[in-house]
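Shown next, in structure tokens, is the structure this report addresses.
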Amino acid sequence: MRKPMFTTAISAAALILTSCGGGGGSNDFGGTPSPAPAPTPTPTPTGFVAPAQRSLTVADVQTIIAQAAGEAQARNLPSVIAVVDRVGNVLAVFDMNGSNSGSSEIAVSSRQIGGVAGPGNTVGLQGAMVPASTAAIAKAITGAYLSSGGNAFSSRTASQIAQEHFPPAPTTVGLESGPLFGVQFSQLPCSDLSQRFNTMGGAGSMIGPKRSPLGLAADPGGLPIYKDGVVVGGIGIMGDGDYAFDPNILDVDNDAEEAIALAGIQGFAPPASITANRISVDGTSLRFSDIVVSDLSPLQGNFAAINGTLGNLVSVTGYTDGSIIAGTAYGTEASGIRASKASEFSNSDAFVLTDGTGANRFPIRAGTDGAAITTPLTAAEVRAILEEAFIIFSRARAQIRQPLDSRMQATVSVVDTYGQILGIVRTPDGPIFGTDVSLQKARTAAFFSNAAAAQQLLNTPVVPGITNVPAYVQRVRTFLGDPNALTGTVAFADRSGGNLSRPYFPDGEVGRPPGPLSVAQSSQFSPFAVGLQLDLVVPNIGAHLEFVRSNGASADTPQRCTQVPAIAGTGGQVRLANGIQIFPGSVPIYRGDKLIGGIGVSGDGIDQDDMASFLGLHNAGVRLGSIGNAPKAIRADNVVVNLGNANVRLRYVNCPFAPFLDTNAQNVCEGL
């Protein structure tokens, strides 16, 4: 097979990654976080119920694989079948004889965009060639990470909510982009939050959230797995050689990969009451699967009968050693996400991330940026922000959960201006994807509101033929008519930066120019080519795929995304160590008119995420009198873009209608 253009740039990208230094997670930058002195609060329950602790056994995984392989055989589509647990541990990868195996290459969408056609001719990741096993794992992780006890989402659901128009269809041109536009570039293989496969076993080997080789998938064939109504993992199928997306929600696809996945989860399917088609966003019902059980062939559930005959278990470098393992039960110490202790957080319903041995990975602490900030965030201020955001969670009406009038479930992260994690707290059943995304959001708001943003982007290395991050600075300045843009004069929430990252500005209005952080769409849209968000991390993704492809002969990406320059005097710390996010749910944190950090929320509807970050910070400011949201005069909603025949104002935050379960209050963010 011809070596694709994308892989030929790997060596150049790897050189840049190497020159930027290696390093581990965020704790390797600026020292190991030290917990603040333990407070003595009275634990405050807020009405959440933790999901029952269930997990997949080895026998369960065998049954799921056998059922999927039987359907693949019936459809004459030999496939790669991946199964993961809820926190992303790869429990097995089964490669059927004659499939696009893990050693072979498949295309990231063979559709033509921007005049570029076919695999090997790339725009962003569109047209890149990747190992089939990585696509199957990404689909499985998507099904697991997007789902919870209140919603079951699939990679088809992800496709629907991440495209240029929502819902995506030829007749919806002119509508705004999907509510989670950009979510596909989260859970990245370079993320400093996401954990990596540990071949040593023992304590900590199963902790999550684990990384995904390609982020989240938009290609149908990834479904969640449930036991006793509890999400315990996901299955991903790669068989047709094209890792793509569904651009038309109006038709019903007879998608073989989705049929194979659906066969795999028989006996492990989500409750019908919570599947995506029972959930609507802005009046549009979501999609779970275009295949129904009656479309399936008779189930084949005997793993012994297929293992070694239809195919074999395979190793995937960085993910599995080729054996089948049992999943870990979410909520246990071993899973890496558990209930908080009274010394860690005041709300007894909260969950935190753990290292598998009892220690909180991200204990509440003060800001690390004293060299740049006169008065950094204190541990008490960080605690107050997290507590007040969590109170909003407990009061807010969920958007994407069943039954109706459920409480909002999400994750909240707080960072300083260096992007250092000062604390992460979750509700018990928040979808896993929101953990990494909330951190991306917090860092994104803090970064683009920072006086150093433009210089950081200008000093990011260019990868010829792949990325040119510095060019985005002038694009923003020209677009806004502001030669000083991105120098700290404007406070950007993620909704604001998202406005500038859409393929049309204003969002969805065909015929308008692309946002300056997007890419020009001269032909068809692709979720694999979105502009700055991807360009910041595509060298990392490329290096990781070569690591998998070469069975570890080449270096893996560092546990640190982007090539923005390290902050002087921090030992290699970067501000965007898990990439950026471009859908709403974050605001920068200020002390008076001085930027001191960012808060990000993700998990249960973008307007709810906006409200929890904005109101949580506001309420913490009222409580303490020392911190708060950006001064109104510098918020991004003061920025008006002149399009020649129209003036368009950026947005800062949008809060939902009738947001609370305990009051009929409306317009809860107005005037703050």
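Taking D556 as meeting all but one of (1) over 23 Å from Q474 (Cα atoms); (2) buried (at least 24 other Cβ atoms within 10 Å of the Cβ); (3) not assigned by TED's automatic domain parsing to the domain that holds L386, write down the number of the exception.
(2)
Out of D405, D429, report the one residue that is crowded, with 22+ Cβ neighbours inside 10 Å and either in the same structural domain as A379 (by TED's automatic domain parsing) or under 18 Å from the mean Cα position of the chain (by Cα) (or both). Explain how you work it out, then say what you get.
Numbers: D405 fails: crowded, with 22+ Cβ neighbours inside 10 Å.
Testing whether each residue is crowded, with 22+ Cβ neighbours inside 10 Å and either in the same structural domain as A379 (by TED's automatic domain parsing) or under 18 Å from the mean Cα position of the chain (by Cα) (or both) leaves just D429.
Report whether or not G488 is touching a His at 6+ places or on another chain (Cβ under 9 Å), surrounded by fewer than 23 Cβ atoms within 10 Å (Cβ to Cβ) and on the phi > 0 side of the Ramachandran plot.
no
Can you find even one residue in the stretch 528-551 that is surrounded by fewer than 19 Cβ atoms within 10 Å (Cβ to Cβ) and touching a Lys or Arg at 6+ places or on another chain (Cβ under 7 Å)?
For the stretch 528-551, residues surrounded by fewer than 19 Cβ atoms within 10 Å (Cβ to Cβ) and touching a Lys or Arg at 6+ places or on another chain (Cβ under 7 Å): absent.
Taking G585 and the conditions (1) under 21 Å from F185 (Cβ atoms); (2) in contact with a Pro (Cβ under 8 Å, 6 or more places away or on another chain); (3) not aromatic (F, W, Y), which numbered condition does it fall short on, given that it satisfies the others?
That leaves (2) as the condition not met.
If you take the residues of the stretch 72-95 that are surrounded by 24 or more Cβ atoms within 10 Å (Cβ to Cβ) and among the charged types (D, E, K, R), which of them is nearest to I306 (Cα to Cα)?
The selected residue is D95.
Pick from D290, D369: which is among the acidic types (D, E), buried (at least 17 other Cβ atoms within 10 Å of the Cβ), modelled with pLDDT of 95 or more and within 22 Å of E257 (Cβ to Cβ)?
After applying the criteria, what remains is D290.
What residue, of R477, R512, is out of contact with any Cys (no Cβ under 8 Å at 6 or more places or on another chain), surrounded by fewer than 21 Cβ atoms within 10 Å (Cβ to Cβ) and either in the same structural domain as G215 (by TED's automatic domain parsing) or assigned to a helix (DSSP H, G or I) (or both)?
Of the residues listed, the single one that is out of contact with any Cys (no Cβ under 8 Å at 6 or more places or on another chain), surrounded by fewer than 21 Cβ atoms within 10 Å (Cβ to Cβ) and either in the same structural domain as G215 (by TED's automatic domain parsing) or assigned to a helix (DSSP H, G or I) (or both) is R477.
Mind checking which residues of the stretch 651-665 are within 12 Å of D607 (Cα to Cα) and out of contact with any helix residue (DSSP H, G or I) (no Cβ under 7 Å at 6 or more places or on another chain)?
Residues satisfying the conditions are F657, A658.
Which of the residues that make up the stretch 269-297 are without any contact (Cβ under 8 Å) to a residue 24 or more places away in the chain and either outside any loop (DSSP other than H, G, I, E, B) or farther than 29 Å from L180 by Cα (or both)?
Result: A272, N277, S280, S285, S294.
Okay, residues lined up against (1) more than 16 Å from V437 (Cα to Cα); (2) without any contact (Cβ under 8 Å) to a residue 60 or more places away in the chain; (3) touching a Pro at 6+ places or on another chain (Cβ under 6 Å):
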residue	(1), (2), (3)
V574	yes, no, no
N578	no, no, no
R591	yes, no, no
D604	no, no, no
D607	no, no, yes
R635	yes, no, no
V640	yes, yes, no
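Just one of L299, L313 is aliphatic (A, V, I, L, M), surrounded by fewer than 21 Cβ atoms within 10 Å (Cβ to Cβ) and touching a helix residue (DSSP H, G or I) at 6+ places or on another chain (Cβ under 8 Å); which is it?
That would be L299, the only listed residue that is aliphatic (A, V, I, L, M), surrounded by fewer than 21 Cβ atoms within 10 Å (Cβ to Cβ) and touching a helix residue (DSSP H, G or I) at 6+ places or on another chain (Cβ under 8 Å).
Tell me yes or no: at least one residue of the stretch 185-205 is surrounded by fewer than 16 Cβ atoms within 10 Å (Cβ to Cβ) and under 20 Å from the mean Cα position of the chain (by Cα). Give the steps one after another, and end with the answer.
Filtering the stretch 185-205 down to residues surrounded by fewer than 16 Cβ atoms within 10 Å (Cβ to Cβ) leaves 196, 198-203.
Within this subset, residues satisfying the condition of being under 20 Å from the mean Cα position of the chain (by Cα) are 196.
Taking every residue of the stretch 185-205 in turn, at least one turns out to be surrounded by fewer than 16 Cβ atoms within 10 Å (Cβ to Cβ) and under 20 Å from the mean Cα position of the chain (by Cα).
Residues to consider are I260, I235; find the one that is buried (at least 24 other Cβ atoms within 10 Å of the Cβ), out of contact with any Ser or Thr (no Cβ under 9 Å at 6 or more places or on another chain) and either assigned to a strand (DSSP E or B) or at pLDDT 95 or above (or both).
Just a single option satisfies the conditions, and that option is I235.
Which one of these does R651 not meet: (1) in a helix (DSSP H, G or I); (2) touching a Lys or Arg at 6+ places or on another chain (Cβ under 9 Å); (3) basic (K, R)?
(1)
Would you point out which residue out of A396, A380 is within 18 Å of C669 (Cα to Cα), at pLDDT 95 or above and small (G, A, S)?
Values: A380 fails: within 18 Å of C669 (Cα to Cα).
Answer to the check: A396.
Filter the stretch 327-344 down to residues that are in contact with a Leu (Cβ under 7 Å, 6 or more places away or on another chain) and assigned to a loop (DSSP other than H, G, I, E, B), then give me how many there are.
2
Suppose we filter G115, G47, G22, G102 for residues that are modelled with pLDDT under 90, loosely packed, with under 15 Cβ neighbours inside 10 Å and in contact with a strand residue (DSSP E or B) (Cβ under 7 Å, 6 or more places away or on another chain); which single one remains?
G47
Just checking, how many residues over the stretch 172-184 are outside any loop (DSSP other than H, G, I, E, B), surrounded by 24 or more Cβ atoms within 10 Å (Cβ to Cβ) and not hydrophobic (A, V, I, L, M, F, W, C)?
Of the residues in that region, 1 qualify.
Among the residues of the stretch 316-345, which ones are crowded, with 19+ Cβ neighbours inside 10 Å and farther than 20 Å from P209 by Cα?
F345
Taking the residues in the stretch 298-325 that are in a loop (DSSP other than H, G, I, E, B) and touching a strand residue (DSSP E or B) at 6+ places or on another chain (Cβ under 7 Å) as candidates, determine which candidate is farthest from E71 (Cα to Cα). Give the derivation first.
Going residue by residue through the stretch 298-325, those that are in a loop (DSSP other than H, G, I, E, B) are 298-302, 308-310, 314-315, 317-319, 321-325.
Next, only the ones that are touching a strand residue (DSSP E or B) at 6+ places or on another chain (Cβ under 7 Å) stay: 310, 314, 319, 322-325.
Values: L310: 12, V314: 20, Y319: 25, G322: 22, S323: 22, I324: 20, I325: 23 Å.
Looking at the filtered set, the residue picked out is Y319.
Report whether or not A380 is part of a loop (DSSP other than H, G, I, E, B), touching a residue at least 24 places away in the same chain (Cβ under 8 Å) and surrounded by fewer than 24 Cβ atoms within 10 Å (Cβ to Cβ).
In short, no.
The values are calculated or read from the model by the stated rules, or taken from the named source; none is laboratory data. The structure displayed is predicted, hence computed values, not measured ones. As a convention, Cβ positions derive from the backbone with ideal geometry for all residues, glycine included, and neighbour counts pool all protein chains shown.
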